[in-house]
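Worksheet: one structure, shown below.
The values are calculated or read from the model by the stated rules, or taken from the named source; none is laboratory data. Just so you know, these numbers come straight off a predicted model, no measurement behind them. Positions of Cβ are generated from backbone atoms using ideal geometry, with glycine treated the same way; all protein chains shown enter the neighbour counts.
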Amino acid sequence: MLISLDNIQKYYKVGKDSIHVLKSLNLQIESGEFVIIMGKSGSGKTTLLNLLGFLDTFEEGRYLFNGKDVTDLNESQRSDFRNNNIGFIFQQFNLIETLSIYQNVELPLLYSKKYKRSQREAVIREKLMQVGLLDKIDVKPLQLSGGQQQRIAVARALANDPQIIFADEPTGALDSETSTDIMELLKRLNEGGKTIIMVTHDQDLVKYATKIVRLKDGVFVSEV
Ligand SMILES: Nc1ncnc2c1ncn2[C@@H]1O[C@H](COP(=O)(O)OP(=O)(O)OP(=O)(O)O)[C@@H](O)[C@H]1O
Ligand SMILES: [Mg+2]
């Protein structure tokens with residue numbers, strides 16, 4: 001089992017109030033799955049992805065990652081875990097506009113000890129090749145189309161060879177043809193062994209999933 005959540009409770013504090021966002025969630029994900037998380041706006045999808053990806057914490061419950069209990073990791077252990085095991089892709093690509101494509105894809109390598117400095121360029125070239133955009137290595141993000149920027153974001157997510165890719169509405173800002181390109185890229189990565197956990201509103205994309213979970217007000221209402 002790659003991921004196991006047991007009875008997770010997540011609250012956000014807003015002033016004196018506390019919002020109960022995830023309610024007694026249980027979730028099991030095997031290595032190699034392509035999981036799609038669906039649910040209305042505000043149902044807790046991003047919150048769930050962020051806590052699975054060590055970007056956020058939770059109040060109660062247990063989280064096992066690869067059989068290791070990661071519930072009580074401190075901040076620096078959490079960022080180590082994130083940098084070495086997880087790649088993120090976002091709706092708005094989140095590339096850094098002032099950096100070149102090379103430098104954007106290099107970023108995860110600067111936060112991890114996985115590759116030595118002398119290996120970095122070869123790794124960056126390999127990842128750009130994988131997404132079909134090696135020729136863009138020296139340009140800046142805003143010189144690229146949305147679909148190309150998202151491919152670069154995928155290359156960046158792949159830089160440290162993470163086991164899992166988390167994608168929060170990765171096609172939300174793309175037209176349908178470009179969405180299909182990105183989905184086919186994710187599908188190929190999944191066939192190559194990456195576990196993909198993706199949030200989407202787009203019902204047409206469920207065909208890519210090996211597992212579909214639906215969140216409603218912080219509770220899973222169905223799992224297929
Ligand atoms: N940092 C925060 N502080 C307080 N409340 C938050 C915070 N982030 C999210 N929330 C609240 O938690 C609930 C779940 O938010 P979340 O972003 O996880 O929803 P979502 O399912 O991703 O929605 P969307 O489809 O619009 O992206 C919402 O009620 C939201 O207002
Ligand atoms: Mg969201």
When residues of region 128-161 are limited to those that are touching a strand residue (DSSP E or B) at 6+ places or on another chain (Cβ under 9 Å) and among the hydrophobic types (A, V, I, L, M, F, W, C), the one surrounded by the fewest Cβ atoms within 10 Å (Cβ to Cβ)
Leu158
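Quick check, is Ser41 away from ligand 2 (no atom under 16 Å from the Cβ) and exposed (fewer than 13 other Cβ atoms within 10 Å of the Cβ)? Before the answer, list the steps.
On the way: away from ligand 2 (no atom under 16 Å from the Cβ): no; exposed (fewer than 13 other Cβ atoms within 10 Å of the Cβ): yes.
Spelling it out, it is not the case that Ser41 is away from ligand 2 (no atom under 16 Å from the Cβ) and exposed (fewer than 13 other Cβ atoms within 10 Å of the Cβ).
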Looking at Leu22, Leu73, Leu2, which is the one that is within 15 Å of ligand 2 (Cβ to nearest atom) and surrounded by 16 or more Cβ atoms within 10 Å (Cβ to Cβ)?
Leu22
Looking at region 162-171, is at least one residue in a helix (DSSP H, G or I) and surrounded by 20 or more Cβ atoms within 10 Å (Cβ to Cβ)?
no
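In region 21-35, how many residues are in a strand (DSSP E or B) and either more than 9 Å from ligand 1 (Cβ to nearest atom) or under 16 Å from Leu64 (Cβ atoms) (or both)? Step through it out loud before you land on a result.
Applying the first criterion (in a strand (DSSP E or B)) to region 21-35 yields 21-29, 34-35.
Pick out the ones that are also either more than 9 Å from ligand 1 (Cβ to nearest atom) or under 16 Å from Leu64 (Cβ atoms) (or both) and you get 23-29, 34-35.
Total satisfying the criteria: 9.
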All but one of (1) touching a residue at least 24 places away in the same chain (Cβ under 8 Å); (2) in a loop (DSSP other than H, G, I, E, B); (3) among the basic types (Lys, Arg) hold for Arg82; state the number of the condition that does not hold.
(2)
Tyr102 fails exactly one of the following numbered conditions: (1) within 20 Å of the chain's Cα centre (by Cα); (2) in a helix (DSSP H, G or I); (3) away from ligand 1 (no atom under 16 Å from the Cβ). What is the number of that condition?
(1)
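Looking at region 174-200, which of its residues are in a loop (DSSP other than H, G, I, E, B) and of a type in the set (A, V, I, L, M, F, W, C)? Quick ask: steps written out before the conclusion?
First pass over region 174-200, keeping only residues in a loop (DSSP other than H, G, I, E, B): 174-175, 192-194, 200.
Within region 174-200, just Leu174 meets the criteria.
For Phe58, indicate whether it is touching a strand residue (DSSP E or B) at 6+ places or on another chain (Cβ under 6 Å), in a loop (DSSP other than H, G, I, E, B), in contact (Cβ under 8 Å) with a residue 24 or more places away in the chain and aromatic (Phe, Trp, Tyr). Give the derivation first.
Numbers: touching a strand residue (DSSP E or B) at 6+ places or on another chain (Cβ under 6 Å): yes; in a loop (DSSP other than H, G, I, E, B): yes; in contact (Cβ under 8 Å) with a residue 24 or more places away in the chain: yes; aromatic (Phe, Trp, Tyr): yes.
Criteria met by Phe58.
Being among the small types (Gly, Ala, Ser), within 16 Å of Asn94 (Cβ to Cβ), away from ligand 1 (no atom under 16 Å from the Cβ) and without any contact (Cβ under 8 Å) to a residue 60 or more places away in the chain is the requirement here; does Ala159 meet it? Don't jump to the end; show me each part of the working.
Numbers: among the small types (Gly, Ala, Ser): yes; within 16 Å of Asn94 (Cβ to Cβ): yes; away from ligand 1 (no atom under 16 Å from the Cβ): yes; without any contact (Cβ under 8 Å) to a residue 60 or more places away in the chain: no.
Criteria not met by Ala159.
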Residue list for region 188-212, filter: within 14 Å of ligand 1 (Cβ to nearest atom) and modelled with pLDDT of 95 or more
Ile197, Met198, Val199, Thr200
Determine whether region 183-200 contains at least one residue that is over 25 Å from Gly146 (Cβ atoms), crowded, with 21+ Cβ neighbours inside 10 Å and in contact (Cβ under 8 Å) with a residue 12 or more places away in the chain.
yes
For region 201-220, which residues satisfy the criterion of being among the β-branched types (Val, Ile, Thr) and outside any loop (DSSP other than H, G, I, E, B)?
Val206, Ile212, Val213, Val219
